[in-house]
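Please read the structure below before turning to the comments.
The values are calculated or read from the model by the stated rules, or taken from the named source; none is laboratory data. Just so we're clear, the structure is a prediction, and the values are computed from it rather than from any experiment. FYI the Cβ positions are ideal-geometry reconstructions off the backbone, even for glycines, and counts take in every protein chain you see. Keep in mind that these areas ignore ligands, DNA and RNA; they rest on the heavy atoms of the full protein, side chains included. Shrake-Rupley method; radii C 1.70, N 1.55, O 1.52, S 1.80 Å.
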Amino acid sequence: MPDTTYFDDLETRSADARAVQQLAAVNEQIARVAAAADSCLPDVGNLKTLDDLRTLPILRKSELAKWQAERPPFGGIPVSNLAHVFQSPGPIYEPGGISHDWWRMGRFLHAVGFGADDIVQNCFGYHLTPAGMIFESGARAVGAAVLPAGTGQTELQVTAARDIGTTAYAGTPDYLKVILDKADEMGVALKFSKAAVGGGALFPSLRQEYADRGIICMQSYATADLGNIAYETPALEGMVVDEGVIVEIVTPGTGDPVPEGEVGEVIVTSLNPDYPLIRFATGDMSAVLSGQSPCGRTNVRIKGWMGRADQTTKIKGMFVRPEQVAALVAKHPEVTRARVIAGRDGQQDTMLVQLETTSDSADAYASSVADTLKLKGTVELHAPDSLPKDGLVIEDQRTYD
């Protein structure tokens with residue numbers, strides 16, 4: 001009998017095998033993009049190791065929107081096997097395919113326990129957004145049937161769930177509770193036993209409420225551009241990175257990797273040959289967990305969504321951006337880290353610039369701070385490796401009570 005614990009053999013391959021296979025796939029992606037008639041990426045040749053990814057530029061959504069405006073609809077990125085076109089705010093247009101598990105969501109649904117005996121009530125949106133199609137594709141990959149319910153009309157959702165006998169839910173974490181509460185109000189018993197959620201916070205109290213109702217609930221981390229990035233498994237210890245992407249965690253505003261355990265911005269390289277996004281900045285924050293998951297899957301794990309990386313803050317009427325803070329650090333070899341803190345003194349904004357440095361002269365940095373951040377501020381020196389490792393390079397401590 002085949003082992004059905006895992007979706008496929010990729011989930012349990014060795015780190016060495018994964019690195020070799022992913023390096024080959026990355027080099028194929030680079031070649032695809034470089035060979036495009038209106039390529040946005042120069043032909044940089046083959047990478048020698050996956051660590052060489054950090055030498056390539058980061059692609060941000062603002063740049064993608066600009067490229068798409070200049071070269072519609074996909075900005076010069078070579079797209080193949082196109083079946084759908086979706087729209088996200090920006091506007092940004094994403095391609096979608098219908099080949100087997102195009103967004104790789106089947107791996108997550110398999111981990112939750114979705115299978116051929118299930119009917120999935122898919123409450124993700126189908127209008128312009130790919131979310132509904134992403135989860136429907138995943139359900140198809142594990143052999144489950146789908147009720148394409150979308151959002152809203154909760155009373156009808158309850159009636160359909162009862163009449164059809166839906167056993168699984170896909171949607172935002174909180175909407176399942178809305179359906180269950182409405183069913184209680186209507187005196188209707190439903191058969192949900194598992195839930196795959198995303199697109200919002202799954203609070204421990206809500207997960208426990210579902211568990212008390214006999215519903216297993218796990219979450220994934222996915223985006224419209226990249227599909228599934230990472231997902232929970234029955235171990236419920238972080239999120240295992242999907243086999244079809246490579247994840248880097250970097251200091252916000254830079255492409256510099258952070259050490260394991262430190263919080264930084266999630267940068268993703270997709271290995272989907274139909275839409276080769278290389279070093280795509282999600283704008284989300286997370287951190288790498290040490291070790292492997294107790295579930296037996298061998299890929300790296302991340303903590304999940306930990307906030308937004310865009311910490312751009314207006315101080316004294318001027319925007320201060322993470323990229324500027326990174327530039328300040330780069331100016332001084334003895335400075336290892338910087339943190340800008342926006343505060344208030346009465347009705348006036350204040351700016352404190354904390355620097356990790358071996359220097360003992362705060363005055364030596366005053367002009368550099370003013371030149372780089374375009375504002376004067378107080379400089380405070382700290383010993384190397386002493387500032388918080390929470391991913392913040394700009395912290396807004398102001399209150400407006």
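For this structure, a couple of remarks:
- Of all the residues in segment 76-87, those that are farther than 26 Å from His100 by Cβ and surrounded by 18 or more Cβ atoms within 10 Å (Cβ to Cβ) number 0.
- The single condition from (1) more than 26 Å from Val288 (Cβ to Cβ); (2) assigned to a strand (DSSP E or B); (3) of a type in the set (Lys, Arg); (4) in contact with a strand residue (DSSP E or B) (Cβ under 6 Å, 6 or more places away or on another chain) that Arg398 fails is (2).
- For segment 113-122, the condition holds for at least one residue, the condition being that it is more than 21 Å from Asp242 (Cα to Cα), modelled with pLDDT of 95 or more, polar (S, T, N, Q) and out of contact with any Ser or Thr (no Cβ under 9 Å at 6 or more places or on another chain).
- Of all residues in segment 88-124 being more than 20 Å from the chain's Cα centre (by Cα) and hydrophobic (A, V, I, L, M, F, W, C), the one that is surrounded by the fewest Cβ atoms within 10 Å (Cβ to Cβ): Ala116
- Every condition in (1) surrounded by 15 or more Cβ atoms within 10 Å (Cβ to Cβ); (2) within 20 Å of Phe114 (Cβ to Cβ); (3) of a type outside the set (D, E, K, R) holds for Val178 except the one numbered (2).
- When segment 367-394 is filtered for residues that are touching a strand residue (DSSP E or B) at 6+ places or on another chain (Cβ under 8 Å) and buried (at least 17 other Cβ atoms within 10 Å of the Cβ), the ones remaining, listed by number, are Val369, Leu373, Leu375, Gly377, Val379, Leu381, Leu387, Gly391, Leu392, Val393, Ile394.
- Pair list, Cβ < 7 Å and 6+ apart or interchain, from segment 358-373 residues that are under 13 Å from Pro333 (Cβ atoms) and of a type in the set (S, T, N, Q) to residues that are open to solvent by 50 Å² or more (accessible area, probe 1.4 Å) and assigned to a helix (DSSP H, G or I): Ser368/Lys331
- Condition met for Thr350 (of a type in the set (Ser, Thr, Tyr), over 29 Å from the mean Cα position of the chain (by Cα) and either outside any loop (DSSP other than H, G, I, E, B) or closer than 23 Å to Val250 by Cβ (or both)): yes
So that you can scan it fast, the table gives a plain yes or no per residue for (1) surrounded by fewer than 22 Cβ atoms within 10 Å (Cβ to Cβ); (2) modelled with pLDDT under 95; (3) closer than 16 Å to Ala222 by Cα:
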residue	(1), (2), (3)
Pro252	no, yes, no
Glu260	yes, yes, no
Glu265	no, yes, yes
Ser270	no, no, yes
Asp274	yes, no, no
Asp284	yes, yes, yes
Gly296	yes, no, no
Trp305	yes, yes, yes
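- Top-ranked residue of segment 1-52 - restricted to ones that are open to solvent by 30 Å² or more (accessible area, probe 1.4 Å), among the charged types (D, E, K, R) and in a helix (DSSP H, G or I), ranked as modelled with the lowest pLDDT: Arg32
- Taking the criterion of being among the basic types (Lys, Arg) and outside any strand (DSSP E or B), the residues of segment 295-331 that qualify are Arg297, Lys303, Lys316, Arg321, Lys331.
Here's the yes/no breakdown for (1) touching a Lys or Arg at 6+ places or on another chain (Cβ under 8 Å); (2) within 22 Å of Asp385 (Cα to Cα); (3) surrounded by 14 or more Cβ atoms within 10 Å (Cβ to Cβ):
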{"position": "Ala309", "(1), (2), (3)": "no, yes, yes"}
{"position": "Phe319", "(1), (2), (3)": "no, no, no"}
{"position": "Val329", "(1), (2), (3)": "yes, yes, yes"}
{"position": "Arg337", "(1), (2), (3)": "no, yes, yes"}
{"position": "Ala342", "(1), (2), (3)": "yes, yes, yes"}
{"position": "Gly346", "(1), (2), (3)": "no, no, no"}
{"position": "Met351", "(1), (2), (3)": "yes, yes, yes"}
{"position": "Leu355", "(1), (2), (3)": "yes, yes, yes"}
{"position": "Tyr365", "(1), (2), (3)": "no, yes, yes"}
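- Among residues of segment 342-357 being without any contact (Cβ under 8 Å) to a residue 40 or more places away in the chain and of a type in the set (D, E, K, R), the one that is nearest to Gln397 (Cα to Cα) is Asp345.
- Looking across segment 358-378, the residues that are of a type outside the set (A, V, I, L, M, F, W, C) and more than 19 Å from Leu392 (Cα to Cα) come down to Thr358, Ser359, Asp360, Ser361, Asp363, Tyr365, Ser367, Ser368, Asp371, Lys374, Lys376.
- Of the candidates Ser62, Ser99, Ser137, the single residue that is in contact with an Asp or Glu (Cβ under 8 Å, 6 or more places away or on another chain), at negative phi and modelled with pLDDT under 95 is Ser99.
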